[in-house]
Amino acid sequence: TENNLITINKTTYSQDEWTNISKPIFNSIGRNIHLQPCHPIGIIRDIVESHFPAFSKYSNLPPNVSVKDNFDDLGFAMDHPGRSKTDTYYINKDNVLRTHTSAHQTAAFRESDQFLITADVYRRDAIDRSHYPVFHQMEGAKLWPKHHDIENTIQCLQVSVEQPAPPFHSLSNPVQPQHSLKQVEAVVRHLKTSLEGVIADIFSKINAGEHMKVRWVETFFPFTSPSWELEVWWNDQWLELLGCGVIQQRKGEMLGWAFGLGLERIAMILFGIPDIRLFWSLDPRFLEQFQANSISVFKPYSMYPSCYKDVSFWENTSSFHENDFMELIRGIAGDLVEDVKLIDKFIHPKTHRRSFCYRINYRSMDRSLTHNQVNSLQQLVRNDLVAKLGVELR
Ligand code: PHE
């Protein structure tokens, strides 16, 4: 950043009242861990790519995109919560750091009718061991001419599907009026068998393939209909792995599917990685554990002690948003914070002012923090809470 200008990937933007990109986020742009063949994120990318040999691959697209590409052209309503400043990193009013790889769909379809895009995506979020404001997605999409015989291209099923696909004739998850039911059924069968095949293949690398259970859950995306999420049964719970659906047809005589797969979630499961911050580690004890094209269980090298600090405050206006607080903490302590939890909330009966108490868990992944270090970080957090979020400390 310089004066009022911000440069990302050789494009210079002027900042405005929408700009909300902090230093740590800015600095993580361009790390490209998905391009490293011996990094868990790169290893998963390779496995998924090998499943779609004929697809065009894009893995170097810059993260700075327009609001038009990220939201407008995909049919996001103007009041969709994803557009808000508390959820999305805005470069300025008209440009964002992509919140999903779908931001590149429209452009990619101009060059190819079957492609995979792998990229870092950015979302303001909570701080805990499975959330990080930068993560990775793979977007896959395939189009057919409308009258192609899709049936013939189907592969066979490889995992046990716990719940057969729900019918998609429902009002909340409808077939698009310009598509025939028979065509859509063929596209959806192709989509589901392709994705079940990828997931079965990935999990078979840790010999969990045949015991795997997955299920399809109906959902909504502005740019697909009908739409689903694929969930996998893991450690006694259903985990969401991807979103997908039949692409909303805006023009042309084509029909097809798209999916968006989150890579960190799968990598944490497969490699047994306990904390999402580890993906960003430069520690050789982390990086030297992994080999290209193979999945090995992560061996923790040590756990340094946690140090908990509480902070309580009254909001002054009713504009306090938790994600702003999370971002403030990341700006000060970066990866030294493992999680931040709301432990108490109170509304004053007369003034209706809200009071919050948060517990911040400081823990480094590669060294022991001293009390002095933690205390001074906590002091900076307290100062910034007053200076930037205008709260009143208790
Ligand atoms: N972009 C969606 C998300 O990030 C996932 C998705 C991609 C859904 C493609 C449908 C089709 O949640």
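The values are calculated or read from the model by the stated rules, or taken from the named source; none is laboratory data. A quick note: this is a predicted structure, and the numbers were derived from the prediction, not measured. Cβ placement follows ideal geometry from the backbone for every residue including glycine, while neighbour counts extend to all protein chains displayed. The accessibility values were calculated without ligands, DNA or RNA, using every heavy atom of the protein model including side chains. Shrake-Rupley method; radii C 1.70, N 1.55, O 1.52, S 1.80 Å.
In this structure, Leu385 qualifies as in contact (Cβ under 8 Å) with a residue 24 or more places away in the chain, touching a Leu at 6+ places or on another chain (Cβ under 8 Å) and open to solvent by less than 40 Å² (accessible area, probe 1.4 Å).
Filtered by the rule that a residue be assigned to a loop (DSSP other than H, G, I, E, B) and either in contact (Cβ under 8 Å) with a residue 40 or more places away in the chain or of a type in the set (Ser, Thr, Tyr) (or both), the range 276-287 gives Ser281, Asp283. Note on the range 172-205: residues that are touching a residue at least 24 places away in the same chain (Cβ under 8 Å), within 30 Å of Ile295 (Cβ to Cβ) and in a helix (DSSP H, G or I) amount to 16.
Scanning the range 10-29 for residues that are crowded, with 16+ Cβ neighbours inside 10 Å and of a type in the set (Gly, Ala, Ser) yields a count of 2.
Restricted to the range 85-106, and to residues that are away from the ligand (no atom under 16 Å from the Cβ) and not charged (D, E, K, R), which residue is surrounded by the most Cβ atoms within 10 Å (Cβ to Cβ)? That would be Ile91.
Every test in (1) among the aromatic types (Phe, Trp, Tyr); (2) within 24 Å of Tyr89 (Cβ to Cβ); (3) part of a loop (DSSP other than H, G, I, E, B) is passed by Phe290 save one, and that test is (2).
Counting just the residues of the range 282-299 that are farther than 19 Å from Asp46 by Cα and within 23 Å of the chain's Cα centre (by Cα), which one comes out least open to solvent (accessible area, probe 1.4 Å)? Filtering the range 282-299 for residues that are farther than 19 Å from Asp46 by Cα and within 23 Å of the chain's Cα centre (by Cα), the one least open to solvent (accessible area, probe 1.4 Å) comes out as Phe286.
Condition check for Asp324 on (1) more than 25 Å from Arg129 (Cα to Cα); (2) within 25 Å of the chain's Cα centre (by Cα): one failure, at (1). Looking only at the range 253-271, filter to residues that are open to solvent by 10 Å² or more (accessible area, probe 1.4 Å) and farther than 14 Å from His136 by Cα; which one of those is farthest from the ligand (Cβ to nearest atom)? The selected residue is Glu253. The single condition from (1) outside any strand (DSSP E or B); (2) touching a strand residue (DSSP E or B) at 6+ places or on another chain (Cβ under 9 Å) that Ile6 fails is (1).
So that you can scan it fast, the table gives a plain yes or no per residue for (1) of a type in the set (A, V, I, L, M); (2) within 11 Å of the ligand (Cβ to nearest atom); (3) surrounded by fewer than 21 Cβ atoms within 10 Å (Cβ to Cβ); (4) within 19 Å of the chain's Cα centre (by Cα):
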position: Arg189; (1), (2), (3), (4): no, no, yes, no
position: Asp201; (1), (2), (3), (4): no, no, yes, no
position: Phe221; (1), (2), (3), (4): no, yes, no, yes
position: Glu240; (1), (2), (3), (4): no, yes, yes, yes
position: Gly245; (1), (2), (3), (4): no, yes, no, yes
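So, of the residues in the range 126-153 that are open to solvent by 60 Å² or more (accessible area, probe 1.4 Å) and within 20 Å of the chain's Cα centre (by Cα), which turns out to be farthest from the ligand (Cβ to nearest atom)? Among residues in the range 126-153 that are open to solvent by 60 Å² or more (accessible area, probe 1.4 Å) and within 20 Å of the chain's Cα centre (by Cα), the one farthest from the ligand (Cβ to nearest atom) is Arg129. Test Phe346 against the criterion of being of a type outside the set (A, V, I, L, M) and either surrounded by 17 or more Cβ atoms within 10 Å (Cβ to Cβ) or touching a Pro at 6+ places or on another chain (Cβ under 9 Å) (or both), and give yes or no. So Phe346 does not fit the description; no. Within the range 209-219, restricting attention to residues that are farther than 27 Å from His179 by Cα and either within 14 Å of the ligand (Cβ to nearest atom) or open to solvent by less than 20 Å² (accessible area, probe 1.4 Å) (or both), the residue that is modelled with the highest pLDDT is Val214. Which pairs do you get when a residue that is more than 9 Å from Asp69 (Cα to Cα) and charged (D, E, K, R), found in the range 94-109, comes within reach of a residue that is open to solvent by 10 Å² or more (accessible area, probe 1.4 Å) and within 12 Å of the ligand (Cβ to nearest atom), reach meaning Cβ atoms under 9 angstrom, with the pair 6+ apart or on two chains? Taking only residues 6 or more apart or on different chains, not a single pair turns up.
One residue stands out in the range 300-330 among those that are modelled with pLDDT under 95 and within 26 Å of His34 (Cβ to Cβ): the one that is most open to solvent (accessible area, probe 1.4 Å), namely Pro300. Return the residues of the range 217-241 that are of a type in the set (Asp, Glu) and either more than 12 Å from Pro174 (Cα to Cα) or in contact with a Leu (Cβ under 7 Å, 6 or more places away or on another chain) (or both); say none if nothing qualifies. Within the range 217-241, Glu229, Glu231, Asp236, Glu240 qualify. Looking at the range 258-275, I want the residues that are more than 22 Å from Phe220 (Cα to Cα) and have a partner that is assigned to a strand (DSSP E or B) and away from the ligand (no atom under 16 Å from the Cβ) with Cβ atoms under 6 Å, at least 6 apart or on another chain. Which pairs are those? As it stands, the answer is Ile269/Trp234, since those pairs meet every condition given. I'd like to know if the range 36-46 contains one or more residues that are within 30 Å of Val198 (Cα to Cα), open to solvent by 50 Å² or more (accessible area, probe 1.4 Å) and in contact with a helix residue (DSSP H, G or I) (Cβ under 6 Å, 6 or more places away or on another chain). The answer is yes; a qualifying residue exists.
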